[in-house]
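Structure first, then comments.
The values are calculated or read from the model by the stated rules, or taken from the named source; none is laboratory data. Keep in mind that this is a model prediction, so the values were computed, not measured. Don't worry about glycine lacking a Cβ; one is built from the backbone with ideal geometry, like all the others, and counts go over all protein chains shown.
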């Protein structure tokens, strides 16, 4: 059940004609005439990666709302032009703060864009406070993610709320108009009715629809990307969940704890029953939530994420499937666009248990805080192939040396966002610092028994 959302996404991308459709790149055949790529220092490369990736959320945002588009295909700019993604827009809020701090835009430009985004979400469809997965950027109406998913999406909402809290903290002590923006961000996230999504049980549920109710019936249970929803639910001032929702729901009364290891590295928490899942599980909840000193009765979350990343890395180094170029420089498995051995393309949640020979740059890049030396080696490798991997909004979403250096010249908000954010957390701790200083967040962590 944990992968239901991903299966739905697979259906969406395939059904939208992803096979050899717009944005598909023919197999690349390297030759001796390939241009020599100049070497960059680590800092220069981090600067380049952040600045180019920032363009996804600035230059290629949905025009009316200013928010993040679900995807961007440079060869087909009209693809999903007006589809706003809620979770990716939360990543975009944080990316804009990075842009201000890095000088890509002025503070006033950032303020104006953030005001545009918050005004849009203030008037967009909400369902007991939760926004849908996809929103029409022109009118704010819900765009169904699947037949029954035409209402609130609690996980996407939690990811957006994570960004709202960072905006609140960043601007709260600013000018009078900035303080108003901070208050608007605070009011927006506090309007989420987290307790409604419990169905009066000690659990959280992903979806609710005015037409279909809780019919999808997908419970949030760890370990996966959903931890942030429980922490914000406990932090809510008006619609709080109880500790039992976290302990009995996400943590399965302690059943989440695992004694298993992979490559002699402890898993610490159960990863969907066997082995490890895609690396975005170590990213999405931790863009604002700082795992460095985060512990509760179930896990040390820094160790959890470092181990998760190292297992993913060791799998690529050991390379049990003998894929071309896999190794110390070329690694990183997570959900992204994908390619199959038969040449068809689509979307897949890549992991050591679902390794299709496709590398997703966001996997290694967004793991920068956990494995800096290994992530930097991967980043230098990606840059060495910049003639095919680096586009107008950063590194493309996925590629495969196994299949003649196949590359998908496409971007996804949920993959680009963690790159710029987690690099910044590695370099300065910017988003971690703002999110963790929020008093409501601290209260939620305290209620659930976390040390931080």
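Of the residues making up the range 139-150, those that are under 19 Å from residue 71 (Cβ atoms) and buried (at least 16 other Cβ atoms within 10 Å of the Cβ) are 142, 143, 145, 146, 149. Within the range 372-388, restricting attention to residues that are surrounded by fewer than 17 Cβ atoms within 10 Å (Cβ to Cβ) and touching a helix residue (DSSP H, G or I) at 6+ places or on another chain (Cβ under 7 Å), the residue that is nearest to residue 42 (Cα to Cα) is 380. In this structure, residue 136 does satisfy being touching a strand residue (DSSP E or B) at 6+ places or on another chain (Cβ under 9 Å), in contact (Cβ under 8 Å) with a residue 12 or more places away in the chain, surrounded by fewer than 24 Cβ atoms within 10 Å (Cβ to Cβ) and under 15 Å from residue 61 (Cβ atoms).
Hey, can you tell me all the residues within the range 300-324 that are under 22 Å from residue 230 (Cα atoms) and surrounded by 22 or more Cβ atoms within 10 Å (Cβ to Cβ)? The answer is 301, 304, 305, 308. When you scan the range 253-263, do you find a residue that is crowded, with 20+ Cβ neighbours inside 10 Å and closer than 18 Å to residue 298 by Cα, even just one? No.
Report yes if some residue within the range 71-82 is assigned to a helix (DSSP H, G or I), modelled with pLDDT of 95 or more, touching a helix residue (DSSP H, G or I) at 6+ places or on another chain (Cβ under 9 Å) and closer than 25 Å to residue 422 by Cβ; otherwise report no.
no
One line per residue, one yes/no per condition, for (1) closer than 25 Å to residue 280 by Cα; (2) part of a loop (DSSP other than H, G, I, E, B); (3) touching a helix residue (DSSP H, G or I) at 6+ places or on another chain (Cβ under 7 Å); (4) at pLDDT 95 or above:
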| site | (1), (2), (3), (4) |
| --- | --- |
| 12 | yes, no, no, no |
| 33 | no, yes, no, no |
| 53 | yes, no, yes, yes |
| 63 | no, yes, no, yes |
| 84 | yes, no, no, yes |
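Within the range 360-374, the residues that satisfy the criterion of being farther than 17 Å from residue 335 by Cα and in contact (Cβ under 8 Å) with a residue 24 or more places away in the chain are 368, 369, 370, 371, 372, 374.
Screening residue 122 against (1) assigned to a helix (DSSP H, G or I); (2) surrounded by fewer than 17 Cβ atoms within 10 Å (Cβ to Cβ); (3) without any contact (Cβ under 8 Å) to a residue 40 or more places away in the chain leaves a single unmet condition, (3). The residue pairs whose first member lies in the range 299-315 and is in a helix (DSSP H, G or I), whose second member is modelled with pLDDT under 95 and crowded, with 22+ Cβ neighbours inside 10 Å, and whose beta carbons are closer than 7 Å, counting only pairs six or more residues apart or on different chains, are 308/276; 311/276; 312/276.
Just for the range 266-288: of the residues that are out of contact with any strand residue (DSSP E or B) (no Cβ under 7 Å at 6 or more places or on another chain), surrounded by 24 or more Cβ atoms within 10 Å (Cβ to Cβ) and in a loop (DSSP other than H, G, I, E, B), which one is modelled with the lowest pLDDT? Among residues in the range 266-288 that are out of contact with any strand residue (DSSP E or B) (no Cβ under 7 Å at 6 or more places or on another chain), surrounded by 24 or more Cβ atoms within 10 Å (Cβ to Cβ) and in a loop (DSSP other than H, G, I, E, B), the one modelled with the lowest pLDDT is 271. The lone criterion from (1) in contact with a helix residue (DSSP H, G or I) (Cβ under 7 Å, 6 or more places away or on another chain); (2) farther than 25 Å from residue 418 by Cα left unmet by residue 150 is number (1).
Restricting attention to the range 389-416 and to residues that are in contact with a helix residue (DSSP H, G or I) (Cβ under 7 Å, 6 or more places away or on another chain) and assigned to a helix (DSSP H, G or I), the residue that is nearest to residue 47 (Cα to Cα) turns out to be 416.
Scanning the range 125-173 for residues that are part of a strand (DSSP E or B), over 17 Å from the mean Cα position of the chain (by Cα) and under 17 Å from residue 192 (Cα atoms) yields 127, 130, 135, 142, 152. Filtering the range 230-244 to residues that are in a loop (DSSP other than H, G, I, E, B) and surrounded by 24 or more Cβ atoms within 10 Å (Cβ to Cβ) leaves only 241. Pairs meeting the criteria (first residue in the range 212-225 and within 12 Å of residue 199 (Cβ to Cβ), second residue in a loop (DSSP other than H, G, I, E, B) and at pLDDT below 95, beta carbons under 8 Å, at least 6 apart or on different chains) are 218/1; 219/1.
Candidates 95, 179: the one that is more than 22 Å from residue 228 (Cα to Cα), at pLDDT 95 or above and out of contact with any strand residue (DSSP E or B) (no Cβ under 8 Å at 6 or more places or on another chain) is 179.
Evaluate the range 437-451: report whether one residue or more is within 19 Å of the chain's Cα centre (by Cα), assigned to a loop (DSSP other than H, G, I, E, B) and at pLDDT 95 or above. Checking the range 437-451: not a single residue is within 19 Å of the chain's Cα centre (by Cα), assigned to a loop (DSSP other than H, G, I, E, B) and at pLDDT 95 or above. Hey, can you tell me all the residues within the range 182-211 that are in contact with a strand residue (DSSP E or B) (Cβ under 7 Å, 6 or more places away or on another chain), in contact (Cβ under 8 Å) with a residue 60 or more places away in the chain and buried (at least 21 other Cβ atoms within 10 Å of the Cβ)? Those that are in contact with a strand residue (DSSP E or B) (Cβ under 7 Å, 6 or more places away or on another chain), in contact (Cβ under 8 Å) with a residue 60 or more places away in the chain and buried (at least 21 other Cβ atoms within 10 Å of the Cβ): 192, 197, 206, 208.
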